[in-house]
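Participant: Have a look at the structure that comes next, please.
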Amino acid sequence: MVSVAARDQPLPILLICKYLLSLVLGLGLLLTLVQSEFELQACLRALRIYSLAVVGVQVALQRVVPEASALHQGGGSGEGYGSAGFGKGKARNKAGKLVDFFLVVILSIFSVCLTHIVTVLYGAYLIENIEETFTFSILVASLAFVRPLVTLGPGALGVIIERASFEEEPELQCLSALVGAWFGALPIPLDWDTPWQVWPLTCCIGAVIGEVGASAYLLSKLYKVVDLKKNKST
C-alpha cells in the first residue's frame, strides 16, 4: 500500500505542471502576437512553433509518465487509455508499439490534411493564402486531433465515441479548440480594418483562447480532486 501511494504521489504534481505549461504556452503565444503588432509572417511563424510545442509536450509526457497523459477519474480514462493500444504497456511487444507509432503519425498527418480540406470547404481560398490556411490547419489539428491520438493511441476515435464524455481531457481540449476557432471567425467580416482581422489570425487566436480556457478548467478540476483526496485522508 505504501509503495502504491509513493508511486501515485507525483502524478498530481505532473498534471499541475502540464496544465500550467499549457497556460504559459498559450498566454505566451498571445503575448507574442500582440508584441509583433500582428505582423502576418511573424504570427504564422509563432503559430507553427506553438503547434509543434503543444504536441511535443504531450509526446514527452506520454513517454515519461503515461499515467499523467490524462486526468484519471474513476476508471473512465484508464479504460479508454488501455483499449487504445498505447496503454497496454509491457503486454505489447515492440513490433506492436512500432505499428501504433506509425499509425499515430499517419493519422496525425491525415488530420492536418482533413482540417485543411474542411477549412477550404468552409470558404478559405484553395490556392490564395495557402500558407495561412495550412498554418491554421496545423494549429487546429495539433490542439484538437493530434493530442488525442498521442494520448489514446490510433484507436482514439473509438475510445472517445465509446465513453461519450466531454469531462475527459482529450475531448474537452478538442471541443474547446474547435469552438474557439469557430467563434474566432466572427470578427473577420467586420469593417474594422485592423491587422488582427487578417485570415487566419482571429480563428487561431480563438482556438488558443479555447485551449487556455480548457487548461484553466482542468487545473481547477485537478485541484478539487486533490483537495477531496486530502479531506478523505484526514
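The values are calculated or read from the model by the stated rules, or taken from the named source; none is laboratory data. The structure displayed is predicted, hence computed values, not measured ones. Virtual Cβ from ideal backbone geometry, glycine too; neighbours counted across all protein chains shown. Protein only, heavy atoms only, side chains kept; ligands, DNA and RNA dropped before computing areas. Shrake-Rupley method; radii C 1.70, N 1.55, O 1.52, S 1.80 Å.
Participant: Only one of GLN41, GLN73 is modelled with pLDDT under 90 and either assigned to a helix (DSSP H, G or I) or of a type outside the set (A, V, I, L, M, F, W, C) (or both); which?
Facilitator: That would be GLN73, the only listed residue that is modelled with pLDDT under 90 and either assigned to a helix (DSSP H, G or I) or of a type outside the set (A, V, I, L, M, F, W, C) (or both).
Participant: Give, as residue ranges, the helices (runs of 4 or more DSSP H) completely inside the range 105-171 that count at least 3 residues that are modelled with pLDDT under 90 and surrounded by fewer than 23 Cβ atoms within 10 Å (Cβ to Cβ).
Facilitator: Fully inside the range 105-171 and qualifying: 156-163.
Participant: Of all residues in the range 168-189, how many are free of Cβ contacts under 8 Å to residues at least 24 places away in the same chain and farther than 16 Å from GLY206 by Cα?
Facilitator: Of the residues in that region, 1 qualify.
Participant: Within the range 214-222, is there a residue that is assigned to a loop (DSSP other than H, G, I, E, B) and modelled with pLDDT under 90?
Facilitator: Checked against the condition, which is being assigned to a loop (DSSP other than H, G, I, E, B) and modelled with pLDDT under 90, the range 214-222 yields no hits at all.
Participant: Something else now. When you scan the range 139-149, do you find a residue that is of a type outside the set (A, V, I, L, M, F, W, C) and free of Cβ contacts under 8 Å to residues at least 24 places away in the same chain, even just one?
Facilitator: No, there is no match, as no residue in the range 139-149 is of a type outside the set (A, V, I, L, M, F, W, C) and free of Cβ contacts under 8 Å to residues at least 24 places away in the same chain.
Participant: Take the residues in the range 180-195 that are more than 21 Å from LEU143 (Cα to Cα) and out of contact with any helix residue (DSSP H, G or I) (no Cβ under 6 Å at 6 or more places or on another chain); name whichever of them is surrounded by the most Cβ atoms within 10 Å (Cβ to Cβ).
Facilitator: So, considering only residues that are more than 21 Å from LEU143 (Cα to Cα) and out of contact with any helix residue (DSSP H, G or I) (no Cβ under 6 Å at 6 or more places or on another chain), the one surrounded by the most Cβ atoms within 10 Å (Cβ to Cβ) is PRO195.
Participant: Looking at the range 196-213 only, could you name the residues that are within 15 Å of the chain's Cα centre (by Cα), open to solvent by 10 Å² or more (accessible area, probe 1.4 Å) and closer than 16 Å to ARG45 by Cα?
Facilitator: ILE205
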